[in-house]
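This structure is in structure tokens; I'll ask about it shortly.
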2 protein chains.
Amino acid sequence: MTRRAILEALSDGPIAGPAIAEELGISRAAVWKHVETLREAGLEIESGPDGYELVAVTGYDGPAIECGLEAPFTVEYHDSIGSTNDRARELAAAGASDVAVVADEQTGGRGRLGRAWESPAGGIWTSVLLRPTTSPANAARFTFAAAVAVARTAREAGVDARIKWPNDVVVDGDKLAGILTEMEGEAGRISWLVVGIGLNADVDPDVLPAGTTSLRAEGGDVDRRIALQGILEGLYDRRDLDVLGEWRELSTTLGRRVRISTADGTVEGEAVDVTDTGALVVETADGRETVTTGDCEHLRPA
Amino acid sequence: MTRRAILEALSDGPIAGPAIAEELGISRAAVWKHVETLREAGLEIESGPDGYELVAVTGYDGPAIECGLEAPFTVEYHDSIGSTNDRARELAAAGASDVAVVADEQTGGRGRLGRAWESPAGGIWTSVLLRPTTSPANAARFTFAAAVAVARTAREAGVDARIKWPNDVVVDGDKLAGILTEMEGEAGRISWLVVGIGLNADVDPDVLPAGTTSLRAEGGDVDRRIALQGILEGLYDRRDLDVLGEWRELSTTLGRRVRISTADGTVEGEAVDVTDTGALVVETADGRETVTTGDCEHLRPA
């Protein structure tokens, strides 16, 4: 908490050590110690005639992402990794929790059902390992929470991002981001859960598959570190999973005619709602059907 | 299918090969081949003056349990194993499906939350590995299906077994069986699911913990192989997960005053219903609460 308070004290320009000590009600020695710790974490804090000064944090690595992050996640950063979800699963098997695995690029990024997910350098590729004391029935709402967090972050950057059921964020029908939530547990209780988030941030859309876009392509000007922090905080802030209202607001699927391919066949009709467990309610010619998951095609504009 | 048909033809006493061939519309050579296959699987089929005769199947091992089993499960039998659930999880990791791991005894049997489950020789310890194309939200209904299957099998043996939420089968409040459903998957789709069933069958209750009983102790006279087959078939027959009605009928929790200890605290009130996702609806002094999982204590008779 004090580390965070010191970062805040430093955020308005140079400030003398004694002034920080007075502001926070701690000793000058404690201020010095905290500043050293922040420096060890990789932050550039200069000592000048006017006191300490935080040089702008511009990097994209563990300490930079943790710096000022208002969510209790440890960040494990990789320049390149096969799949952040796979790494988070390894950490889960080792007993870890509350870790955000972040990579500049993934060489084997995965989407739903083991499909490939292109993850060139410049994107936001992260997998958050959590151990929520809740039921697997609520797993889909972590996907919803992450989709809302991503869509809000993109919208703050001026991009008209909306959520496509079950697990994508799109701009004008083109895929901007995808969520892959994986979990293990008992019937009544999740053991671990990994929320994988892939957001095409500072990525040239030419290197992405057809039907895909990126924040850069849509004119979204973001600092990748700040955007990632916003997403992690957005996910954390929605940990009570009370996200259906926001999800509905940001959804581009509800109200549309959809065709959904599932393991059991095809369902076609108007998407009218989502359930607590993340299923889509579709009004078909034969009545209402509740579809758990599947590939969803939007048949006409809302 | 023909193997099963031949077993049925053999079930009414000795029958000549040509008669079987005619009954099933296959060649005599095919009958001979199927009989040889059954013999290789460990069944005693005698050839006498009146034809083939199936000597009673009395063993408890893979072929004996598979013999006549009306569910498409392969049986992997162990005289002794650490935990059938752990073995089923290994098989899941190796890509298997539709396997029932069965052991005469478990040396490290597990219940919910990693608790120990005493599993001496003579019990029914089995873990069924499935890959249902459904959502983790439905995982609890596999627990329900297994509990119904176990309770029905015990009741057919004359034991007044009833289901105690969330995952036990009890007789007069004493634990007769427990179910441990574990799973891995994506938010919308189960990858694998293991339904672990522990039923104190032919077990001396003196070797079991306090508050526990067994079919033997309750006067339930069962052939263990037949009982296990009944349970596996009962689980398979309920694979559509339309089990809430049966579960409610057999429940001893509904209608009772209960105290439930959860990760978030204690809920006390009258158990009034269960939900599709396996949660218990409790009418408390402050209104209805829906409890996902926890340790449930029955406070007074229904």
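Quick note: the coordinates plus some simple rules give every number you see, no bench work behind them. The structure displayed is predicted, hence computed values, not measured ones. Using ideal geometry, Cβ is built from the backbone for each residue, glycine included, and neighbour counts are taken over all protein chains shown.
Using Cα-Cα distances under 8 Å and only pairs 6 or more residues apart, what relative contact order does region B:62-250 have, in percent?
Relative CO of region B:62-250 lands at 23 percent.
Among B:GLY255, B:GLY95, A:LEU180, which residue has its Cα furthest toward the positive end of the charge dipole of the protein assembly as shown, with +1 on Lys/Arg Cβ and -1 on Asp/Glu Cβ?
Going by the Cα projections, it comes out as B:GLY255.
Quick query: amide H of B:GLY111 versus all other amide H atoms, modeled in the peptide plane; which residues come in under 5 Å with a sequence gap of 5 or more or a different chain?
Result for B:GLY111 returns B:ALA116, B:TRP117.
Show that you can apply the helix-only estimate: for the protein assembly as shown, add -39,500 (n - 2.57) for every DSSP H stretch of four or more residues, divide by all residues, and state [θ] at 222 nm to the nearest 500.
Counting only the DSSP helices, I get -8500 deg cm²/dmol.
Going out from 0 in 5 Å bins, what whole percent of all Cα-Cα distances in region B:257-298 drops into each bin?
6, 28, 39, 23, 4
Note the distances from B:ALA5 to each other copy's matching label point, with points 7 Å along the Cα-to-beta-carbon direction, in nm, sorted shortest first.
Reported distances to equivalent positions: 8.2 nm.
Which percent, nearest 5, of DSSP beta bridges in chain B are antiparallel?
If we restrict to bridges inside chain B, about 85 percent are antiparallel.
When only alpha-carbon atoms are used, what values of Rg and Dmax, in angstrom, describe chain A?
Taking only Cα atoms of chain A, I get Rg and Dmax of 21.2, 76 Å.
In a shell of Cβ-Cβ distance under 13 Å around B:ALA151, excluding B:ALA151 itself, what net charge do Lys and Arg (+1) and Asp and Glu (-1) give?
+1
Follow-up question, since we're still on this one. Considering the Cα trace of region B:115-198, what is its radius of gyration and what is Dmax, both in angstroms?
According to the Cα coordinates of region B:115-198, Rg and Dmax are 13.6, 41 Å.
I'd like the trypsin sites (Lys or Arg not before Pro) in region B:226-302 restricted to DSSP loop residues with at most 16 other Cβ atoms within 10 Å, sorted by number.
Sites meeting the loop and neighbour criteria: B:ARG239.
Next up: Evaluate the relative contact order of region A:1-60 (contact order divided by residue number), counting alpha-carbon pairs under 8 angstrom at least 6 apart; express in whole percent.
37 percent
Suppose we take every Cα in region A:2-54 and form the convex hull; what volume per residue is that in Å³?
So the per-residue Cα hull volume is 63 Å³.
Now a separate question. Taking the label point 7 Å from Cα in the Cβ direction, how far apart in nm is A:GLY255 from each other copy of itself, listed shortest first?
When each copy's label point is compared with this one, the spacings are 4.9 nm.
If you don't mind, there's one more thing I want to ask. Which whole-Hz ³J(HN,Hα) couplings does region A:47-60 yield from phi under the Karplus relation 6.51 cos²θ - 1.76 cosθ + 1.60, θ = phi - 60°, glycine and proline marked x?
Each residue of region A:47-60 in turn: 10, x, x, 9, x, 6, 9, 7, 6, 3, 7, 10, x, 9 Hz.
Right, something else. How much FRET efficiency would the formula 1/(1 + (r/R0)^6) give for B:THR74 and A:VAL281, where r is the Cβ-Cβ distance and R0 is 35 Å, rounded to 0.05?
That gives a FRET efficiency of 0.40.
On average, how many beta carbons from a partner chain sit within 10 Å of the beta carbon of a residue in B:176-186?
Average per residue, whole number: 5.
Here's something else I'd like to know. Please work out the FRET efficiency for the pair A:ASP172 and B:GLU289, using the Cβ-Cβ distance as r and a Förster radius of 45 Å; give the result to the nearest 0.05.
My answer for the efficiency is 0.55.
How far, in nm to one decimal, is A:GLY25 from itself in the other copies if the label point is set 7 angstrom along Cα toward Cβ? Shortest first, please.
In ascending order, 8.9 nm.
P(r) for the protein assembly as shown: what percent of alpha-carbon pairs falls in each 10 Å bin, starting at zero?
Whole-percent P(r) values from 0 Å outward: 3, 15, 21, 20, 17, 13, 7, 3, 1, 1, 0, 0.
First measure r as the distance between the Cβ atoms of B:ASP61 and B:GLU40, then evaluate 1/(1 + (r/R0)^6) with R0 = 22 Å and state the FRET efficiency to the nearest 0.05.
Between B:ASP61 and B:GLU40 the formula returns 0.95.
List the extent of the Cα atoms of region B:134-268 along each of their three principal axes, largest first, rounded to whole Å.
Largest to smallest, the principal-axis extents are 44, 36, 27 Å.
Still on this structure, please answer the following. Which net charge results when you count Lys and Arg as +1 and Asp and Glu as -1 among the other residues whose beta-carbon is under 13 Å from that of A:ARG115?
Once positives and negatives cancel, what remains is 0.
Follow-up. Would you work out which of B:VAL194, B:PRO205, B:ILE26 lies farthest towards the positive end of the dipole of chain B? Charges go on Cβ: Lys and Arg +1, Asp and Glu -1.
Most positive-ward Cα: B:VAL194.
What residue among B:PRO63, B:PRO18, B:PRO49 shows peak mean-square fluctuation when chain B is described by a Gaussian network model with Cα springs under 10 Å?
In this elastic network of chain B, the residue with the biggest mean-square fluctuation among B:PRO63, B:PRO18, B:PRO49 is B:PRO49.
So what is the relative contact order of region B:35-164, in percent, for Cα pairs below 8 Å that sit 6 or more residues apart?
Reported relative contact order: 15 percent.
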